[in-house]
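Have a look at the structure below, then the notes.
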């Protein structure tokens, strides 16, 4: 999946614009990882948030994509670290996992999410019987994912600047 840091067209249908904004935020996530050493990718810069690393955020975003589109929307099995009820942010604990592997998993999951989005109406609701949030429409889930990804892209902005001074948006 090739991601470009370009905003969607000013005039386009809803699907093009929403998926375009999500893909733009995803590409910013990828960009914030470029040129980082493994040490920096796994280094926490906020003492009170030891899991808030570049690698941890990428892993979290991968699992969030899977949760919303494959589990909540399609009704797939609730498997993965994000469904652990310990409250330990297990999806962000990625000590020893290479950043390149995390990015590959994230991009593969994003491609899968886009396949799901393309195959369904925005008005369809999620199918998982065990989660209240599965009652949302695909449109709601997609808008939420734009918000979620943009929020964490902002975290990556700050983390990257604290790590090595690199900053920029587009």
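Every number in this text was worked out from the coordinates using simple rules, so none of it is lab data. Keep in mind that what you see is a predicted model, and the values were worked out from it rather than measured. Every residue, glycine as well, gets a Cβ built from its backbone with ideal geometry; the counts of neighbours run over all protein chains shown.
Data for the structure
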| quantity | calculated |
| --- | --- |
| Full-stretch length increase - residue 17, residue 93 - with 0.36 nm per residue and alpha-carbon distance subtracted | 24.1 nm |
| The chain: angle of helix 14-33 to the longest principal axis, Cα-based, in degrees nearest 10 | 20 |
| Gain in span if fully extended, residue 144 to residue 132, counting 0.36 nm per residue against the direct Cα distance | 2.8 nm |
| Descending Cα extents along the principal axes, segment 43-164, whole Å | 43, 27, 23 |
| Label-point separation in nm, residue 37 to residue 79, each point 7 Å along Cα→Cβ | 3.8 |
| Spacing of the two label points (7 Å from each Cα toward its C-beta) at residue 111 and residue 5, in nm | 2.3 |
| Cα centroid separation, segment 26-47 to segment 67-125 (Å) | 19 |
| Net length gained if the chain between residue 104 and residue 169 were fully extended (0.36 nm per residue, minus Cα distance) | 21.2 nm |
| Cα-based helix-to-principal-axis angle, 138-164 vs the chain, degrees rounded to 10 | 10 |
